[in-house]
Amino acid sequence: MKNLTTGVTLGIALALAGCGNDAAKTENVGIARTTISGLVSLLPSFGKDDAEATPIDQAAQQAAIARSALELNAGPVMLVSLEATNTNTAAAMVGENGSMRTYNTPAKQSLVLRNGLLAGTRGFGNDVMSARIDEISALILGRQAGTAVRTPYYLDGEGIERPLPFDCTVSLGAEQSFAIGDTPYTAMQVAETCTAPNLSITNSYLVTADRQVVLSRQWIAPTLGYVTLQTLRP
(Lines give C-alpha, C1' and ligand atoms only; values in the text may rest on other atoms or scores of the structure.)
Protein backbone atom coordinates (compact mmCIF):
# COMPACT_ATOMS: atom_id res chain seq x y z
CA MET A 1 0.00 0.00 0.00
CA LYS A 2 1.28 3.46 -0.87
CA ASN A 3 1.51 6.56 1.30
CA LEU A 4 1.40 4.81 4.67
CA THR A 5 3.86 5.18 7.52
CA THR A 6 4.82 2.31 9.81
CA GLY A 7 2.17 3.07 12.43
CA VAL A 8 -0.71 3.16 10.01
CA THR A 9 0.64 0.23 8.01
CA LEU A 10 0.75 -1.82 11.21
CA GLY A 11 -2.83 -0.84 11.99
CA ILE A 12 -3.98 -1.90 8.55
CA ALA A 13 -2.04 -5.14 8.74
CA LEU A 14 -3.76 -5.97 12.02
CA ALA A 15 -7.14 -5.11 10.54
CA LEU A 16 -6.53 -7.33 7.53
CA ALA A 17 -5.10 -10.12 9.66
CA GLY A 18 -8.61 -10.80 10.91
CA CYS A 19 -9.91 -11.37 7.37
CA GLY A 20 -8.70 -14.92 6.95
CA ASN A 21 -12.13 -16.51 6.88
CA ASP A 22 -15.17 -15.86 4.73
CA ALA A 23 -17.20 -14.32 7.55
CA ALA A 24 -14.50 -11.74 8.29
CA LYS A 25 -14.09 -10.95 4.60
CA THR A 26 -17.83 -10.38 4.31
CA GLU A 27 -17.76 -8.06 7.32
CA ASN A 28 -14.85 -6.08 5.84
CA VAL A 29 -16.66 -5.60 2.53
CA GLY A 30 -19.80 -4.57 4.41
CA ILE A 31 -17.89 -1.80 6.14
CA ALA A 32 -16.42 -0.82 2.76
CA ARG A 33 -19.87 0.02 1.46
CA THR A 34 -19.80 3.12 3.68
CA THR A 35 -16.40 4.21 2.37
CA ILE A 36 -15.55 5.80 -0.96
CA SER A 37 -16.09 2.69 -3.08
CA GLY A 38 -19.56 2.16 -1.67
CA LEU A 39 -20.72 5.79 -1.81
CA VAL A 40 -19.12 7.18 -4.96
CA SER A 41 -22.18 6.34 -7.07
CA LEU A 42 -24.10 8.98 -5.09
CA LEU A 43 -21.97 11.81 -6.50
CA PRO A 44 -23.61 13.61 -9.44
CA SER A 45 -20.81 12.87 -11.95
CA PHE A 46 -20.80 9.14 -11.30
CA GLY A 47 -23.18 6.49 -12.51
CA LYS A 48 -23.98 2.94 -11.55
CA ASP A 49 -21.34 1.45 -13.85
CA ASP A 50 -18.57 3.50 -12.22
CA ALA A 51 -19.44 2.21 -8.77
CA GLU A 52 -19.65 -1.41 -9.94
CA ALA A 53 -16.25 -1.13 -11.61
CA THR A 54 -14.49 -0.64 -8.25
CA PRO A 55 -12.63 -3.86 -7.36
CA ILE A 56 -13.73 -5.57 -4.16
CA ASP A 57 -10.13 -5.71 -2.90
CA GLN A 58 -9.85 -1.91 -3.23
CA ALA A 59 -13.09 -1.46 -1.31
CA ALA A 60 -11.78 -3.73 1.43
CA GLN A 61 -8.49 -1.80 1.48
CA GLN A 62 -10.35 1.47 1.93
CA ALA A 63 -12.36 -0.04 4.77
CA ALA A 64 -9.21 -1.24 6.51
CA ILE A 65 -7.52 2.15 6.11
CA ALA A 66 -10.61 3.89 7.48
CA ARG A 67 -10.86 1.66 10.54
CA SER A 68 -7.17 1.99 11.31
CA ALA A 69 -7.19 5.78 10.90
CA LEU A 70 -10.15 6.17 13.23
CA GLU A 71 -8.46 4.03 15.85
CA LEU A 72 -5.15 5.93 15.64
CA ASN A 73 -6.54 9.49 15.51
CA ALA A 74 -8.88 11.16 17.99
CA GLY A 75 -9.78 14.18 15.83
CA PRO A 76 -11.27 14.75 12.38
CA VAL A 77 -10.23 12.19 9.75
CA MET A 78 -10.80 11.85 6.01
CA LEU A 79 -10.39 9.00 3.56
CA VAL A 80 -8.42 10.09 0.49
CA SER A 81 -8.36 8.41 -2.92
CA LEU A 82 -6.07 9.71 -5.71
CA GLU A 83 -7.25 8.51 -9.09
CA ALA A 84 -4.04 9.21 -11.03
CA THR A 85 -1.98 6.89 -8.84
CA ASN A 86 -4.80 4.58 -7.70
CA THR A 87 -3.75 5.35 -4.14
CA ASN A 88 -5.89 5.14 -1.01
CA THR A 89 -4.82 6.68 2.28
CA ALA A 90 -6.17 8.57 5.27
CA ALA A 91 -5.60 12.17 6.33
CA ALA A 92 -5.96 13.54 9.86
CA MET A 93 -6.53 17.17 10.77
CA VAL A 94 -3.36 18.85 12.07
CA GLY A 95 -4.48 22.48 12.10
CA GLU A 96 -7.61 24.64 12.02
CA ASN A 97 -7.97 28.38 11.50
CA GLY A 98 -11.54 29.57 11.10
CA SER A 99 -13.01 27.88 8.04
CA MET A 100 -9.59 26.51 7.00
CA ARG A 101 -8.49 23.01 7.94
CA THR A 102 -5.17 21.32 7.17
CA TYR A 103 -5.05 17.54 6.92
CA ASN A 104 -1.88 15.46 6.69
CA THR A 105 -1.47 11.96 5.30
CA PRO A 106 1.02 9.55 6.92
CA ALA A 107 3.42 10.44 4.06
CA LYS A 108 3.30 14.11 5.20
CA GLN A 109 1.31 15.23 2.19
CA SER A 110 -1.07 18.06 3.06
CA LEU A 111 -4.58 18.97 1.95
CA VAL A 112 -5.92 22.42 2.85
CA LEU A 113 -9.70 22.67 2.83
CA ARG A 114 -11.90 25.71 3.24
CA ASN A 115 -15.30 24.51 4.41
CA GLY A 116 -14.64 21.22 2.63
CA LEU A 117 -13.45 22.72 -0.67
CA LEU A 118 -9.87 22.16 -1.74
CA ALA A 119 -7.85 25.37 -1.30
CA GLY A 120 -4.29 24.02 -1.41
CA THR A 121 -2.01 20.99 -1.38
CA ARG A 122 1.59 20.27 -0.47
CA GLY A 123 3.82 17.28 -1.11
CA PHE A 124 1.96 15.82 -4.08
CA GLY A 125 3.90 17.56 -6.86
CA ASN A 126 2.25 20.16 -9.13
CA ASP A 127 0.54 21.37 -5.95
CA VAL A 128 -2.19 23.95 -5.63
CA MET A 129 -0.37 26.75 -3.80
CA SER A 130 -3.57 28.65 -3.00
CA ALA A 131 -7.03 29.20 -4.46
CA ARG A 132 -9.66 31.92 -4.64
CA ILE A 133 -12.91 30.05 -4.07
CA ASP A 134 -15.11 32.43 -2.07
CA GLU A 135 -17.74 32.94 -4.78
CA ILE A 136 -17.97 29.32 -5.87
CA SER A 137 -18.00 27.99 -2.30
CA ALA A 138 -20.96 30.24 -1.44
CA LEU A 139 -22.98 28.54 -4.19
CA ILE A 140 -21.84 25.01 -3.38
CA LEU A 141 -22.28 25.22 0.40
CA GLY A 142 -25.56 27.10 -0.02
CA ARG A 143 -26.73 24.39 -2.43
CA GLN A 144 -27.62 27.04 -5.00
CA ALA A 145 -27.37 26.89 -8.78
CA GLY A 146 -25.43 29.67 -10.45
CA THR A 147 -22.16 30.77 -12.00
CA ALA A 148 -18.91 31.94 -10.42
CA VAL A 149 -15.15 31.97 -10.91
CA ARG A 150 -12.62 29.76 -9.15
CA THR A 151 -8.90 30.53 -9.43
CA PRO A 152 -6.24 28.08 -8.26
CA TYR A 153 -2.60 29.18 -8.28
CA TYR A 154 0.35 27.02 -9.36
CA LEU A 155 4.11 27.57 -9.44
CA ASP A 156 5.64 28.13 -12.87
CA GLY A 157 9.15 27.08 -13.88
CA GLU A 158 10.60 30.15 -12.18
CA GLY A 159 8.85 29.52 -8.87
CA ILE A 160 6.27 32.27 -9.39
CA GLU A 161 2.61 31.65 -8.54
CA ARG A 162 0.44 31.83 -11.66
CA PRO A 163 -3.37 31.86 -11.70
CA LEU A 164 -5.49 29.40 -13.67
CA PRO A 165 -8.96 31.01 -13.68
CA PHE A 166 -12.00 28.84 -14.37
CA ASP A 167 -15.52 29.92 -15.27
CA CYS A 168 -17.78 27.57 -13.33
CA THR A 169 -21.44 26.60 -13.32
CA VAL A 170 -23.05 24.98 -10.28
CA SER A 171 -26.05 22.68 -10.77
CA LEU A 172 -28.08 20.68 -8.27
CA GLY A 173 -29.16 17.06 -8.26
CA ALA A 174 -31.25 14.93 -5.94
CA GLU A 175 -31.02 14.54 -2.20
CA GLN A 176 -29.41 11.31 -1.06
CA SER A 177 -29.79 9.48 2.24
CA PHE A 178 -26.95 7.23 3.39
CA ALA A 179 -24.82 6.32 6.39
CA ILE A 180 -21.11 6.46 7.10
CA GLY A 181 -20.53 3.92 9.82
CA ASP A 182 -23.31 4.52 12.33
CA THR A 183 -23.87 8.16 11.33
CA PRO A 184 -26.85 8.84 9.01
CA TYR A 185 -26.68 11.69 6.50
CA THR A 186 -29.01 13.38 4.06
CA ALA A 187 -27.14 15.43 1.47
CA MET A 188 -27.80 17.06 -1.90
CA GLN A 189 -25.84 16.32 -5.04
CA VAL A 190 -23.98 19.41 -6.21
CA ALA A 191 -22.02 19.47 -9.48
CA GLU A 192 -19.51 22.20 -10.40
CA THR A 193 -18.54 22.27 -14.08
CA CYS A 194 -15.60 24.54 -14.88
CA THR A 195 -13.84 25.58 -18.07
CA ALA A 196 -10.54 27.29 -18.82
CA PRO A 197 -8.68 27.54 -22.16
CA ASN A 198 -8.20 23.95 -23.43
CA LEU A 199 -9.40 22.49 -20.13
CA SER A 200 -12.71 21.33 -18.66
CA ILE A 201 -13.27 19.78 -15.23
CA THR A 202 -16.22 18.70 -13.09
CA ASN A 203 -16.13 18.67 -9.31
CA SER A 204 -18.83 16.75 -7.44
CA TYR A 205 -20.09 17.12 -3.89
CA LEU A 206 -22.61 15.77 -1.39
CA VAL A 207 -23.60 18.74 0.79
CA THR A 208 -25.81 18.61 3.87
CA ALA A 209 -28.34 21.27 4.85
CA ASP A 210 -25.90 22.54 7.51
CA ARG A 211 -23.28 23.19 4.77
CA GLN A 212 -21.10 20.15 5.46
CA VAL A 213 -19.34 18.51 2.50
CA VAL A 214 -19.49 14.82 3.40
CA LEU A 215 -18.12 13.36 0.18
CA SER A 216 -16.49 15.07 -2.79
CA ARG A 217 -14.48 14.46 -5.94
CA GLN A 218 -12.31 17.49 -6.65
CA TRP A 219 -9.74 18.31 -9.32
CA ILE A 220 -6.25 19.19 -8.09
CA ALA A 221 -4.04 19.87 -11.13
CA PRO A 222 -3.42 18.66 -14.70
CA THR A 223 -0.85 16.04 -13.69
CA LEU A 224 -2.65 14.97 -10.50
CA GLY A 225 -6.21 14.80 -11.74
CA TYR A 226 -8.97 14.14 -9.22
CA VAL A 227 -8.99 13.29 -5.53
CA THR A 228 -12.00 11.85 -3.73
CA LEU A 229 -12.40 12.96 -0.12
CA GLN A 230 -14.75 11.33 2.35
CA THR A 231 -15.44 12.44 5.90
CA LEU A 232 -14.84 9.65 8.36
CA ARG A 233 -15.02 11.82 11.48
CA PRO A 234 -16.08 15.48 11.02
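The values are calculated or read from the model by the stated rules, or taken from the named source; none is laboratory data. Predicted model, so just to flag it, every value in this text is computed and none were measured. Neighbour counts run over all protein chains shown; Cβ positions are idealised from the backbone, glycine included. Please note that ligands, DNA and RNA were not included when accessible areas were found on the heavy atoms of the full protein model with its side chains. Shrake-Rupley method; radii C 1.70, N 1.55, O 1.52, S 1.80 Å.
Some observations on this one:
- Hits in segment 155-177 (condition: open to solvent by less than 50 Å² (accessible area, probe 1.4 Å) and among the β-branched types (Val, Ile, Thr)): Val170
- All positions within segment 82-101 that are of a type in the set (S, T, N, Q) and surrounded by fewer than 18 Cβ atoms within 10 Å (Cβ to Cβ): Thr85, Asn86, Thr87, Asn97, Ser99
- Criterion (farther than 24 Å from Asp127 by Cα, open to solvent by 10 Å² or more (accessible area, probe 1.4 Å) and modelled with pLDDT under 85) met by exactly one of Ala74, Ala17: Ala17
- Against the list (1) more than 26 Å from Asn86 (Cα to Cα); (2) surrounded by 13 or more Cβ atoms within 10 Å (Cβ to Cβ), the condition Gly181 fails is (1).
- Residue list for segment 70-123, restricted to those being within 23 Å of Leu39 (Cβ to Cβ) and part of a loop (DSSP other than H, G, I, E, B): Asn73, Gly75, Pro76, Glu83, Ala84, Thr85, Asn86, Thr105, Pro106, Gln109, Asn115, Gly116
- Within segment 124-152, the set of residues being under 14 Å from Ile201 (Cβ atoms), open to solvent by less than 40 Å² (accessible area, probe 1.4 Å) and outside any helix (DSSP H, G or I) comprises Val128, Ala131, Ile133, Arg150, Thr151, Pro152.
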